[in-house]
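Peer 1: Quick one: the structure is below, questions incoming.
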Amino acid sequence: MLLGIEIGGTKIQLGIGAGTGPPLAALERFEVDREAGASGILNEIVPRARELIARHAIDHVGIGFGGPVDPARGRTVKSHHVAGWDDFPLVEWCRDTLGLPAVMANDADAAGLAEAVYGAGREFNPVFYVTVGTGIGGGLIIDRRIYRGAGAGAAELGHLRPGLSAENPEAILESYAAGWGIAAAAQSRLAEPVSHRIGPLRGQPGARRPEDVRQRLIEVEEADEAFAGDLLERCDGRVDRLTARLVGEAAAAGNGLALQVLDRAWQALGWGIAQMITLVAPEAVVIGGGVSLLGEELFFEPIRREVERYVFPPFLGKYHIVPAELGEDMVVHGALALAAQSQH
C-alpha cells in the first residue's frame, strides 16, 4: 500500500491506497495552522503518518505540495501561504522521519495526474488540468505522466500575462480570474461611484431620442445601485469581506454587477485556456477548484464560449472542456498515482 500526502495552504490530507484510483482505504484531514509554519505542519503530519504506516504496511510515499517544487531534488521551492517551506528537503525529510522513500509534485500536477488517470480525463490524451480557486494552477499530463518541462515547473497557466501591454509581473491571469482576483474586482466596483454606462443603451429601440436616453440612464443607475446594495448586504457592509463565493452567489441570484465581474474574469480565463490549447492541443481540458463549483451555467458555459472566441480556429471542436470528477481527494489520488509510477 501507498501513502499519499497533500500539503496545502489551508488543509492537510493523508490518504491510503494502492495507486489504482478510488476509493481510498483510509483518509485523514486536518486544517493548517499558518502561524505554526512549515515545522508545525510537519509535526502534525508525523504521528498521523506513522499510525497509518503501521496499520497499512506502507512502502512508498507520494506528496502533492501547494506551491512550486523541484521534484528532481525533492525540495519545495516555497509556499505562497505558509512560511518555512523555502528550499525545504521534503523527500529527504520523509526518508529520515518516516523511514520511507518518497516522490513529490506540486498540487496542480498531482491533481492533473489523478484526473487524467482516474477521473474526467481518463479517456483522453493529452490532458491539461486547470484548478481555479484561491489561485490558478495548471498541469499537463501526456501518456499518463506529468510533463515537467526543463525541471523547474511547467504549465503555469495562472502566471500568464494577458495582452501585449501586460509588462507588470503582477498583472497575471490569477489577478483576473482566481478567487482573490474576482473578490478584488468586485470590491473595486463597490468602491467606485455609480457612473452612467453606455453599454446597456446600445441597441435599445428609440435610444437616440434624448428623453429616452435620459430615462434609460436613470434605470441603469438605479439597477446598479440596487446590485451594489445587494453585494454590500451579503458582506454585512464590509467590502473587505466580499469573497468570490459571495460574488458567485449574487450572480446566481441575477445580480448584474456580480455578473459583470464574472464576465471579465471568464474572458481572461478563456483567453488563457485558448492560448494553451493553441500551443499544446490537449484532447481534454479538465477544470477543478472551488471557483469552478459555480457550475455549468455560471462557469463552464461562459468559459467554453470565451475559449471559442480566442482559440486557433482550426482547433475548434477538437478539444473537450469538462469538470473534474474526483473532488477534494484528487491531490491525494494524484500523490498515490505518482508513488505507484515511481515503483516501475
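The values are calculated or read from the model by the stated rules, or taken from the named source; none is laboratory data. Given the structure is predicted, the values throughout are model-derived calculations rather than measurements. Neighbour counts run over all protein chains shown; Cβ positions are idealised from the backbone, glycine included. Ligands, DNA and RNA are stripped out before the accessible areas are found, and what is left, the full protein with its side chains, is counted by its heavy atoms. Shrake-Rupley method; radii C 1.70, N 1.55, O 1.52, S 1.80 Å.
Peer 1: Pick out the long, greasy-scoring helices in the chain: whole DSSP H runs spanning 24 Å or more along their own axis by Cα, mean Kyte-Doolittle at least 0.5.
Peer 2: Result, helices passing both filters: 256-280.
Peer 1: For the full complex of protein chains and a 1.4 angstrom probe, list Thr76, Thr243 by accessible area with the highest value first.
Peer 2: Ranked from most to least accessible, the order is Thr243, Thr76.
Peer 1: Can you tell me the length gained on complete extension of the stretch Lys78 to His320, counting 0.36 nm per residue apart and subtracting the Cα distance?
Peer 2: 83.8 nm
Peer 1: Follow-up question, since we're still on this one. What spacing in nm lies between the two simple spin-label points modelled at Glu31 and Glu167, each 7 Å away from Cα in the Cβ direction?
Peer 2: 4.4
Peer 1: Still on this structure: Calculate, in nm to one decimal, what Ser342 and Ala150 gain on full extension: separation in residues at 0.36 nm each, minus their alpha carbon distance.
Peer 2: 67.2 nm
Peer 1: A further question on this structure: Once neighbouring chains are kept in place and the probe is 1.4 Å, which whole percent of the accessible area of the chain is contributed by carbon and sulfur?
Peer 2: Looking at the chain in its full context, I get 51 percent from C and S.
Peer 1: Can I ask one more? Counting heavy atoms of the protein chains only and a 1.4 Å probe, report the per residue accessible area for the chain as a whole number of Å².
Peer 2: The answer is 48 Å² per residue.
Peer 1: Per the Kirkwood formula on distinct C-alpha pairs, the Rh of the chain is how many angstrom?
Peer 2: 21.6
Peer 1: Given a 1.4 Å probe and heavy atoms of the protein chains only, how would you sort His333, His80, largest accessible area at the top?
Peer 2: The residues order as His80, His333, largest area first.
Peer 1: Taking H as built 1.01 Å from N, whose amide H comes closer than 5 Å to the amide H of His60, not counting residues under 5 places away?
Peer 2: Leu3
Peer 1: Could you tell me the largest-minus-smallest coordinate of the C-alpha atoms of region 254-344 on each of the three principal axes, in descending order and whole angstroms?
Peer 2: Largest to smallest, the principal-axis extents are 51, 34, 16 Å.
Peer 1: Okay, next question. How far apart, in nm, are the 7 Å Cα→Cβ label points at Arg245 and Ala18?
Peer 2: Rounded to a tenth, the inter-label distance reads 3.7 nm.
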